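The values are calculated or read from the model by the stated rules, or taken from the named source; none is laboratory data. This is a predicted model, so every value here is computed, not measured. Note that each Cβ is placed from the backbone with ideal geometry, even for glycine, and that neighbours are counted across all protein chains shown. Keep in mind that these areas ignore ligands, DNA and RNA; they rest on the heavy atoms of the full protein, side chains included. Shrake-Rupley method; radii C 1.70, N 1.55, O 1.52, S 1.80 Å.
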Amino acid sequence: MDGVVLLHGIARRAASMRRMERALAGQGYLTLNLDYPARRQALADLARGVHEPIERFSARVDGRLHFVTHSMGGLVARAYLARHRPARLGRVVMLGPPNSGSEVADLLERNRFYRAYFGPAGSELVTPKTDALAAVLGRIDYPVGVIAGDRSINLISSLLVIPRPNDGKVSVAATHVEGEADHITLHTTHPMMMFNREVIRQTLHFLREGSFA
């Protein structure tokens, strides 16, 4: 039986991935839907923090170990896999990942309220990636499928800050990452994409086939 690790975004909790978790379990996957302190640590520290529970979960999985992530959870997965890659790593699906950063973070990262709320990892979401951060995230040499959204409910950031098309938080262009196996854009918003039926369907398809339908 294969297992799936679910990693939520920066201002969310594991509950935000519950619908995706139920869909995965319904298809026979073992699941680990992790809560982690996304707003209190940098990406490298977050990757270290999730290592022990993922190791324990992996010991229960006799098949491959997949990852499904939302938003910054994709960067946490990249940082984790750069250091603790499982021997039976399967496929990785990223929903709305800021692989090239977010222009919203560029605009606000010096704002003290933004820094207080989003913490160290929030400052790492800017679009110019340092060499140190690139080393933390590592190179994509495993099967990654990226799902981007092109619908926004945040008109100010979508029209004035983020290049279009975007999902209100991340531009479609910024979700791409070198080495990705497949990429698809769906008509959904950033905060709600993990509840979207088509997003869930495409996620399941990529985990089975290594490509989107």
## Note on the structure
THR185 and ARG139 label points (each 7 Å along its Cα→Cβ direction) are spaced in nm at 2.9
### Summary
Counting only protein heavy atoms and rolling a 1.4 Å probe, one gets per residue an accessible area for region 135-195 in Å² of 48
#### Entry: Accessible area of ASP150 in the full protein assembly, 1.4 Å probe (Å², nearest 10)
60
### Query
Taking the chain as a Gaussian network, Cα atoms linked when under 10 Å apart, which of ASN99, ASN33, ASN111 shows the biggest mean-square fluctuation?
ASN111
### Message
Can you give the FRET efficiency to the nearest 0.05 for HIS51 and ARG164, using r as the Cβ-Cβ distance and R₀ = 35 Å?
### Response
0.40
## Note on the structure
Asserting the computed 222 nm helical MRE of the chain (DSSP H runs at least 4 long, -39500 (n - 2.57) per run, divided by residue count, to nearest 500) equals -11500 deg cm²/dmol
### Query
When ligands, DNA and RNA are left out and all protein chains stay put, how many square angstrom of accessible area per residue does region 10-70 have with a 1.4 Å probe?
49
### Query
Ordered by residue, what ³J(HN,Hα) values in Hz, to whole numbers, does region 91-103 give under the Karplus form 6.51 cos²θ - 1.76 cosθ + 1.60, where θ = phi - 60° and Gly and Pro are x?
10, 10, 10, 10, 9, x, x, x, 4, 10, x, 10, 5
### Task
Could you tell me what percent of the accessible area of the chain is made up of carbon and sulfur, with a 1.4 Å probe and every protein chain present?
51
### Task
For LEU81, tell me the accessible area in Å² from a 1.4 Å probe, rounded to the nearest 10.
10
### Task
Just need the relative contact order of the chain here, percent rounded to a whole number, with Cα pairs under 8 Å and 6+ apart.
21
### Most fluctuating residue given options GLY101, GLY138, GLY74, as computed from a GNM of the chain linking Cα atoms under 10 Å
GLY138
